Amino acid sequence: MTMLNYHVEAGGQLAGALQVPGDKSISHRAVMFAALAEGTSEITGFLSGEDCLCTMRAFRAMGVEIEQLSATHLRVHGVGLYGLKAPATALDLGNSGTSMRLMSGLLSGQKFASELIGDASLSRRPMRRIVEPLRQMGAQIETTPAGTAPLRIVPATKLSAISYASPVASAQVKSGLLLAGLYAEGITEVREPGISRDHTERMLRAFGVKVESGAGVAALAGGQRLHAADVAVPADISSAAFFMVGAAIVPGSELLLRGVGINPTRDGIIEILRRMGVAIELRNLRDVGGEPVADLLVRAPSQLRAIDIGHDLVTLAIDEMPAVFIAAACAQGTTVITGAEELRVKESDRIAAMCDGLEALGIAALAQPDGARITGGSLRGGTVDSHGDHRIAMSFAIAALRAQAPLTILDCANVDTSFPGFVELAGGAGLKISADPQS
Ligand code: S3P
């Protein structure tokens, strides 16, 4: 099997202005909601990464015509809430937890059976968190005995709305239940112990669905139809985060990131870096289809400082935490991260993957069940394993800016799931990176 490794020379500086690809969470939802809508929707700024392409292929396999006019421009011919067709084979959702958890809800409401499968990483991730409440709604859905994919769904006699208090704050669970709720009788309500991203609520409204939401709660009535709407997807703050950290860790850096989505349920990375001493200016603030967007001007301090990062801030920056570990490794003092146990069930165990990698580079990074204690220091060069996790791979690639010697990062092909073109974009901005296929 061919494995893609990154080789990154030590040092350098990021500079200039750039735009990272479209938001992954928003791109998934745009395809799904446009497919379920009545009429034709155009999606621009679509993330043509493997995860979102899995969602696109799954809807095509259920009879939805989706024209790909360019890498980032889709025209979706919606089939309406009841217009999906039975797929001929299992729907392969690759590495994508968002596709699997949202679609398990949506498919629970269909009159046909379906099977959802994924790669080795996705097949290890917890699915009971969505399957159990779906069963409470009447869904007929099976997992493996370990509560993992494959998921087998057969048509339910009927779905009934529930008011569900979720033990985890998870946008994927909330969204899966709201999508099932469209097919249920009554008002489906999801309450959560913290804040999760609210793209589903915002975009369903743009498609004409009435959604009630407030702090930690979202609800909708079943049977509401979606009406076609055009979606302009902002640049993904989770992808921008690698460049924000890359600029933050090299004194003297100044970098402009254009058109980044700064939804308040996703903007924790801005607050974290500011507290560490980074100057981040939000320019040209605007609203794009119900999502706040800005250009971010990031300026490095002469020295980053260590901070404490607790659960509330972690939830607003959950996908950016691997990059935060790198900022912490370059800061003065010990950064203490707590309340971050969800990192252990992402595409890899991100606490273990980041602490192991940082230790291999000579940084004291002590893993805790729910976080880590990272003491800033000098990064040696060497080899780290990304464990096939896109965000681990990109975090260590950026770390090379502050390393004493080159870094080799193993198993990086999955960067394409969320950030196609990363090597080229990062290279253009000043990172001395190459991708080397190894047999
Ligand atoms: C996502 C929600 C988050 C996030 C994931 C994408 C989404 O997970 O980590 O990368 O698009 O809904 P949770 O379901 O744990 O909130």
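A short reminder: the numbers here are calculations on the coordinates, not readings from a lab. Nothing here was measured: the structure is a model prediction, and the numbers come from that model. In this analysis, Cβ positions are derived from the backbone assuming ideal geometry, glycine residues included, and neighbour counts consider all displayed protein chains.
With the crude spin-label approximation of a point 7 Å out along Cα→Cβ, what separation in nm comes out for T265 versus I187? Label-label distance for T265 and I187, simple model: 1.8 nm. Measuring spread by the Cα atoms of region 24-232 yields a radius of gyration and Dmax of 15.4, 42 Å. Apply the a/c threshold of 1.5 to the C-alpha gyration tensor of region 206-357 and tell me whether it is rounded, prolate or oblate. Because a/c hits 1.5 or more and a/b fails to exceed b/c, region 206-357 counts as oblate. Summing Cβ point charges (Lys, Arg +1; Asp, Glu -1) relative to the Cα centre of region 277-400 gives a dipole of roughly 480 debye. The value for the chain of Rg(Cα) / (2.2 N^0.38 Å) is 0.95.
Sequence neighbours fewer than 8 away in the same chain don't count; with that in mind, list the lysines whose C-alpha is under 29 Å from K346. Answer for K346, where 29 Å is the Cα cut-off: K24, K174, K432, listed by chain and number.
Amide H to amide H distances under 5 Å link V288 with V293, where only residues 5 or more positions off or on other chains count and H is placed in the peptide plane. Placing dummy labels 7 Å off each Cα toward the beta-carbon, the span from E142 to A405 is 5.4 nm. Under 1.5 on a/c is rounded, so check that first for region 358-435, then, if it is not, pick prolate when a/b is larger than b/c and oblate when it is not; a ≥ b ≥ c are the square roots of the alpha carbon gyration tensor eigenvalues. Oblate.
Highest average first, the peptides 5-15, 143-153 ordered by how many other beta carbon atoms sit within 10 Å of their residues are 5-15, 143-153.
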